[in-house]
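Notes follow once the structure below has been shown.
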Amino acid sequence: MSNLAPQPIYRKDYKPSNYLIHTTDLSFDLRDDETLVSSKIHFYKNPKYQAGDNSLFLDGIDLELISLVIDGERVDYELSDKGMQLRHLKDEFVLEIVNRIHPELNTSLNGLYQSSGNFCTQCEAHGFRQITYYLDRPDVLSVFTTHITADKRKYPVLLSNGNLLTASSGQATWHDPTSKPCYLFALVAGDFAVLEDNYTTLSGREVALKIYVEAHNISKTQFAMDSLKRSFAWDESRFNLEYDLDIYMIVAVDDFNMGAMENKGLNIFNSTYVLAEPKTATDKDFINVEAVIGHEYFHNWTGNRVTCKDWFQLSLKEGLTVFRDQEFTSDLHSRSIKRIEDVNALRTFQFAEDAGPMQHPVRPESYIEMNNFYTLTIYEKGAEVIRMIHSFLGETGFQKGMKLYFERHDGDAVTIDDFVSSMSDANEFDFSQFMTWYSQPGTPTVSIKTNYDEISQRFHVEVEQNKGHDYFLPLNYALLDDQGHALKEGMLTIKQHKESFVFEQIKSKPTPSWLRGFCAPIHLLTDLTFEQKIFLVGHDSDAYVVWDSAQQIWLSLILTPNKAHEQLFFNALEKLIQTTPDKSLVSEVLTLPSERFLHQQVAMIDVFDINQKREQMAHKVLRRFEALLLETYNSLNNNQAYQLTSSAVGGRSLKNTCLYYLSKDKDSGLALTQFEQANCMTDQIAAFNALITNNSAHKDQAIASFYQTFKQDVQVMDKFFAAQSSSITSDIGCIKSLMQHELFSFNTPNRLRSVVGGFTQNYINFHHQAGYEFFTDIILKLNQSNPQIGARLVSVYNHWKRFTPELKQLQKQQLERIMQSDDLSNDIFEIVQAALK
Ligand code: TRP
Ligand code: ZN
């Protein structure tokens, strides 16, 4: 680092703004080689914060100031690379600014930028300051009016938040009546096709629904529209929450750093989360589209109408909104499978984050670059914390708390404490001890020891947390008899470091089923025997426990092979495959823990050893079950018309898990036939993956034909690239040629993620010096063009200390090399310095 190290921002330093804003009038003159932004901002002294003096600092980055007047008069100001300092201001005044920006050169995809030639914005968290000088903080809310001028031939569609006031060719004026912070501002200008529909809310408001996409994608928007209507209806029925404007717009763009953005009345989406049809989208893609559409819609209440006081409260809106979108998916599809998938993702990725150098509490105390804190901890662990509150209060109590939360805080910028107080006050439930979930980083470990006393017919349970911890958590359980019937079931409340429970009148030694539904985000250690875990796989009515018990067994069989145990487990699996009606569940149970997950379970990561051990296990499964897998495959391989019902999804899921195993040993021909005959992307990509990863004789042919069929489709091409870059059959030469491919685009995050992100998951070919050096070069390029994406990707080095000595040393050298480079962005600096600490 040649310059001074960037300084963290601390939560404890929060001060209200000394000025607030009544109205913000913006005018955009969008041109090919520059954009002129004119703002007229009506400021007034904060009545609740008189301590502040009459000076004001406005955020502004990469702006060229053209003119500035206050109440029509020229005044003095000081500019720095972070913004503008004004002094000696009146208690109320109107500031008028004109500045120039260059969206046509903006590759950071924050602020105003172009995607496929269209203009769009991304203002959360700190993008608005790249548009004009402003109080770029979530606790300053105002009413926005936005005027847009642009070439009507190139940009016939001109959009912003709220209602359209006036429009003529090449011009439009929008007015958003709801006060909002600037991170919810949005502007779009371009050439789009639109799918229109409408929705009548519970109280009778007619809402126009519009989904804007590039014209060639219009046929892939119906599912998104239906998902949007389901989102409106679900929030009304489950949360009693209605939409509040007359128009709701979604715009899909190909270049986007994250999934989607909840801008008031004008969501902007990564096109991957809008476009879906059976030929090009997998079952998972469909459910993700619906979930993200829901997520952004649900933000209208949890995020927009009640927003965050400062960015440390991010989980206030994100954890709660993820919880809501999880419930949405659970109510519409298979609740148990949704839970298994979410828990699997949490334990694979969030637990790793929480054990690594970027570990932070759900409410962080400091950050250097806020964009680095849109994390699995804020989102997914945050949602688990909300889920625990829900477990304690039940659905009715939780809804009472939500109601009070909105009664108290609608229209405000608030804190996580305000949310928990609402939950607490509405239910007279004391959550004070619960707050450690927000303040303490790391995944707690809880151990359970049991003892059955035949004579007294008592079952004793001791629950202990690790060193000094006293997390407050719910522990759902059941005690099962020999038939798998619950003798007792319920929820234990764990409050102290150590707790004991006694269950009376237990006639015979029970098998306990713990942490049902994964009711708390913890590592759980139990005294269950191998045989008891097998019993749970075969008998528990809780799908999570069935799956988790199987995962624990897979883990032990992969890492420490044991013939006798393997036989026992395989016998149980056979029965499960033959008798379980829920095909999705069978598929989940049959799926081996991922390499990423296995890496976390060992003291030192040996990527090659883990890969080999996992492959060996796959071969053992194939040898033992070949006939049954084939029979199952054939019984499910009916080219029925595509449906997204849980049973159809489950059938495809199990079929493709069978295909995974059946393609392991040899070219069975199954994958090729399925690849050629598939009527949906779920089947197509599963077959494609099988052909690629097993170095099938038909691999090149499959690649060529897949490309010919789908080269026009951006979403499918992302899959095409990811399948190849992450395959152990692709070495670094293959990755380099993928980056030379005519469809490769460095500045499109989806494409970069599919190729470069895919490569970092290619454990065999990424983990050596040349792989690392090649990857670091890409990071250094991203440091200039898109540091937010660079920071996400570079996090792959976060766990360097846990690798075998040689790889550990090599990764460290790469981190040091990045650290020494000039002009390091805050984004990448923060990740790399934490990793090196
Ligand atoms: N608020 C968005 C969501 O979760 C997240 C998001 C979209 C975002 N784009 C971003 C965060 C860019 C940081 C930067 O729904
Ligand atoms: Zn969100």
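How long is the gain from ASP417 to ASN562 if the chain were fully straight, where each residue apart is worth 0.36 nm and the alpha carbon distance is subtracted? Can you show the working numbers first?
Values: separation 145, 0.36 × 145 = 52.20 nm, distance 4.99 nm.
Additional length available on full extension: 47.2 nm.
A dipole drawn for the chain from +1 and -1 charges on Cβ atoms has a positive end, and of SER271, PRO474, GLY60 the residue lying farthest that way is PRO474.
Give the calculated FRET efficiency between SER647 and ASN54 to the nearest 0.05, with a Förster radius of 45 Å applied to their Cβ-Cβ distance. Display every interim value, and only then the final one.
Details: r = 67 Å, r/R0 = 1.49.
The formula returns an efficiency of 0.10 here.
Give me the distance between the Cα centres of segment 239-310 and segment 374-451, rounded to whole Å. What the calculation gives is 24 Å, centre to centre. Simple rule: put +1 on each Lys or Arg Cβ and -1 on each Asp or Glu Cβ in the chain, find the dipole, and look at GLN820, GLY490, GLN505; the Cα lying farthest toward the positive end is GLN505. How big is the gap, in Å, between the Cα center of segment 716-779 and the Cα center of segment 520-572? Computed from Cα coordinates, the inter-centre distance equals 35 Å. Charge tally for VAL546 (other residues, Cβ to Cβ under 12 Å; Lys, Arg +1; Asp, Glu -1): -2.
Look at the Cα gyration tensor of segment 311-439: its axes a ≥ b ≥ c give a/c of at least 1.5 with a/b at or below b/c, and that counts as oblate.
Rounding to the nearest 10 and keeping the result within 0 to 90°, find how far the Cα-based axis of helix 769-785 lies from the longest principal axis of the chain. Tilt of helix 769-785: around 30 degrees.
Could you tell me the center-to-center distance, by alpha carbons, between segment 459-514 and segment 807-832 in angstrom? That distance is 46 Å. Figure legend: label point modelled 7 angstrom from the Cα of ASP13 along Cα→Cβ; residues of segment 352-391 with amide N under 11 Å from it are 366-368. Taking trypsin sites (Lys or Arg not before Pro) across segment 424-485, the ones in a DSSP loop with at most 11 further Cβ atoms lying within 10 angstrom of their Cβ are LYS467.
Share of carbon and sulfur in the accessible area of the chain stands at 49%, probe radius 1.4 Å.
If you sort the three axes of the alpha carbon gyration tensor as a ≥ b ≥ c, you get a/c of 1.5 or more for segment 1-65 and a/b no higher than b/c, which makes it oblate.
Between helix 805-819 and the chain, what is the angle of the helix's C-alpha long axis to the longest principal axis, kept within 0 to 90° and rounded to the nearest 10? Helix 805-819 and the main axis of the chain meet at about 0 degrees. Pairs of Lys residues in segment 446-520, spaced 8 or more positions apart or belonging to different chains, with C-alpha separations under 21 angstrom: 10 in total. What you get for the chain, charging only the Cβ of Lys and Arg (+1) and of Asp and Glu (-1), is a dipole of about 1460 debye around the Cα centre. Straight Cα distances below 28 angstrom link LYS15 to the lysines LYS40, LYS45, LYS48, LYS82, LYS90, LYS180, LYS264, LYS309, LYS317, LYS381, with same-chain residues fewer than 8 positions distant left out. Quick one: angle between helix 607-636 and the longest Cα principal axis of the chain, in degrees between 0 and 90, rounded to 10, please. Around 70 degrees separate the two axes.
Taking the DSSP bridge list for segment 196-305 and keeping only pairs wholly inside it, about 40 percent are antiparallel. For segment 214-234, backbone nitrogen atoms closer than 17 Å to the point 7 Å from LEU202 Cα along Cα-to-C-beta are found at 229-234. Would you work out if segment 446-520 is rounded, prolate or oblate? Take a ≥ b ≥ c from the square roots of the eigenvalues of the alpha-carbon gyration tensor; rounded if a/c is under 1.5, else prolate when a/b is larger than b/c, oblate otherwise. Cα axes put segment 446-520 in the oblate bin. Here the spin labels are modelled as points 7 Å beyond Cα on the Cα-Cβ line, and at HIS42 and GLN708 they lie 6.5 nm apart. Whole-Hz Karplus values for segment 98-106 come out as 10, 9, 10, 10, 10, x, 5, 10, 7 Hz, taken residue by residue from phi with 6.51 cos²θ - 1.76 cosθ + 1.60 and θ = phi - 60°; glycine and proline positions read x.
Report the FRET efficiency, 1/(1 + (r/R0)^6), for HIS216 and GLU242, where r is their Cβ-Cβ distance and R0 is 25 Å, rounded to 0.05. E between HIS216 and GLU242, to the nearest 0.05, is 0.10. If a spin label sat at a point 7 angstrom from the Cα of GLN677 along the line to its beta carbon, the backbone N atoms of segment 619-644 nearer than 20 Å would be those of 627-643. Helix content alone sets the calculated 222 nm mean residue ellipticity of the chain: runs of n ≥ 4 DSSP H residues at -39500 (n - 2.57) each, divided across all residues, give -12500 deg cm²/dmol. Karplus-based coupling profile of segment 69-76, in residue order and whole Hz: 9, 10, 6, x, 10, 6, 9, 7, with θ = phi - 60° in 6.51 cos²θ - 1.76 cosθ + 1.60 and x standing for Gly or Pro.
Amide H contacts under 5 Å for LEU487: LEU479, LEU480, ASP481, restricted to partners 5 or more places along the chain or on a different chain, H placed in the peptide plane at 1.01 Å from N.
Derived scalar couplings between HN and Hα for segment 694-704 equal 9, 6, 4, 4, 9, 4, 5, 4, 5, 4, 5 Hz in order, rounded to whole Hz, by the Karplus curve 6.51 cos²θ - 1.76 cosθ + 1.60 (θ = phi - 60°), x for Gly and Pro. As a calculated quantity, the FRET efficiency between HIS485 and ASP226 at R0 = 35 Å, using C-beta atoms, amounts to about 0.30.
Under the simplified labelling scheme, the HIS469-SER27 pair shows an inter-label distance of 5.9 nm, with each label point 7 Å from Cα along Cα→Cβ. For the chain, the per residue solvent-accessible surface stands at 39 Å², with DNA, RNA and ligands left out and a 1.4 Å probe.
The values are calculated or read from the model by the stated rules, or taken from the named source; none is laboratory data. The structure presented is a predicted model; accordingly, all values stated were derived computationally and were not measured. Every residue, glycine as well, gets a Cβ built from its backbone with ideal geometry; the counts of neighbours run over all protein chains shown. In case anyone asks, the SASA skips ligands and DNA or RNA and just uses the protein heavy atoms, side chains included. Shrake-Rupley method; radii C 1.70, N 1.55, O 1.52, S 1.80 Å.
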